[in-house]
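Here is the structure we will look at.
The values are calculated or read from the model by the stated rules, or taken from the named source; none is laboratory data. Since we're looking at a predicted model, the values are computed, not measured. Cβ coordinates were reconstructed from backbone atoms using ideal geometry, including for glycine residues, and neighbour counts include every protein chain displayed.
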Amino acid sequence: MVLSNIGECIHQYTIPTVDTSNETIIKKYLIKKRNVMYLIRFMYDYINTYTYLIFEIMNKLFQYKLTAFCAKMDFSLLSVTGEDSETFLQNQFTNDILELKNESIDHVLSGYCNPKGRLIAIVRILRFKKSQYLLIVPSELALLVLSRLKIFILRSKVKIELADENYIVTGVWCEKINIPIGSKENIEELVLLKDTDCPVLGERGWLIGEKNLILKSINNIKEKLLISDLNSNYWKSSEFFSSRFWIDKTSTENFTPQSVNLDLINGVSFNKGCYPGQEIVARTHYLGKVKKRLILASVNEEKIDKTQLKKDTPIFKNNSKENTSAKIGFVVDISYCQFEKNLNQVLLMIQCQINELKNLKDSDTLSLKEKNGPELALYALPCFSNEFNEIK
């Protein structure tokens, strides 16, 4: 086991303090020597254990042909422990937490709603240990989610706390991660979660574990394997290409799960019991009243003024033949894409009215901000097959 606190480790190898006021000089010398030997033994074991673990982590990532990683993620970890942790989480989130009992499923994407069915946050829930779950949450919403969850603990045997002091989450891209999507692999003291593919950098994964161990492993990977450490914007862009949108502090409690495609990417279960906002989410699903969806578009960076591009910028549908123009949606998130294939492209996650998307004609174009604004190029998201035909 890797011990994160060196002071605690030294204490384990140090003999208890004794009163040596009446001892001879020889006994004092022997006690000091014994303490030094224990300290040397600790340092030897500590260094060798870390070296071994780092080597094993690097070896596994090398087997998966690591192409890049993202050390500084905009995500935090919440730890949920206790006898009632499973039942508690099942009653709070949109997805079925009981599925994590299945050996082939170790983590799920899920929404956390208010009583009106509006998303407070989107989280990824991991069964980390037998009675411990880790929640991957956008850092700027971590304390909000933590405080809201604590309200509902009541008499449940559950403990929820911010785990950023002990654990860290990083992103990796590999040519091939040989585990199913939704499952995990234990790499010594760390956990690797298989996520969706990225069209440019390969298969994606979340690497979670003891903070010091991951940071030391990353430093060794950079120095010895010469693998690029990409900024968080790369991860955000790859999330966009994978149909993922994360609620942030500007959008919390503004969207329903269906309006951000969460039901299309297995983030909502309609077969489980109650959770906050469940009645509204279920009614929208069964009555077929989903009126808005997210789509992905891009615009050339040279054609826009970055200072004026922001969330809530309107999107227009234009038809030059019919000389018509109408506002059909707005920008909900932005990522400045730096992938080689999409260089100088600004990715826009847009919420649009479904009817307008279904009725797009060959002569229709989408523009940013105004009728004659910069023209947008649409991407077909993986959650839609045959463009928008599956939107209901």
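Annotations for the structure displayed:
Rundown of residues vs (1) within 22 Å of Leu77 (Cβ to Cβ); (2) in the same structural domain as Tyr336 (by TED's automatic domain parsing); (3) among the charged types (D, E, K, R), yes/no style:
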{"position": "Ile177", "(1), (2), (3)": "yes, no, no"}
{"position": "Leu192", "(1), (2), (3)": "yes, no, no"}
{"position": "Glu210", "(1), (2), (3)": "yes, no, yes"}
{"position": "Ile218", "(1), (2), (3)": "yes, no, no"}
{"position": "Ile221", "(1), (2), (3)": "yes, no, no"}
{"position": "Ile227", "(1), (2), (3)": "no, no, no"}
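- Selected residue (criterion: surrounded by the fewest Cβ atoms within 10 Å (Cβ to Cβ)) from residues of segment 349-368 that are in contact with a strand residue (DSSP E or B) (Cβ under 6 Å, 6 or more places away or on another chain) and more than 23 Å from Ser243 (Cα to Cα): Ser363
- Subset of segment 297-314 (residues that are part of a loop (DSSP other than H, G, I, E, B) and acidic (Asp, Glu)): Asp305, Asp312
- Top-ranked residue in segment 251-263 [being within 17 Å of Val290 (Cβ to Cβ) and touching a helix residue (DSSP H, G or I) at 6+ places or on another chain (Cβ under 8 Å); ranked as surrounded by the most Cβ atoms within 10 Å (Cβ to Cβ)]: Pro257
- Condition met for Tyr275 (loosely packed, with under 15 Cβ neighbours inside 10 Å, of a type in the set (Ser, Thr, Tyr), under 30 Å from Leu98 (Cα atoms) and assigned by TED's automatic domain parsing to the domain that holds Ser363): no
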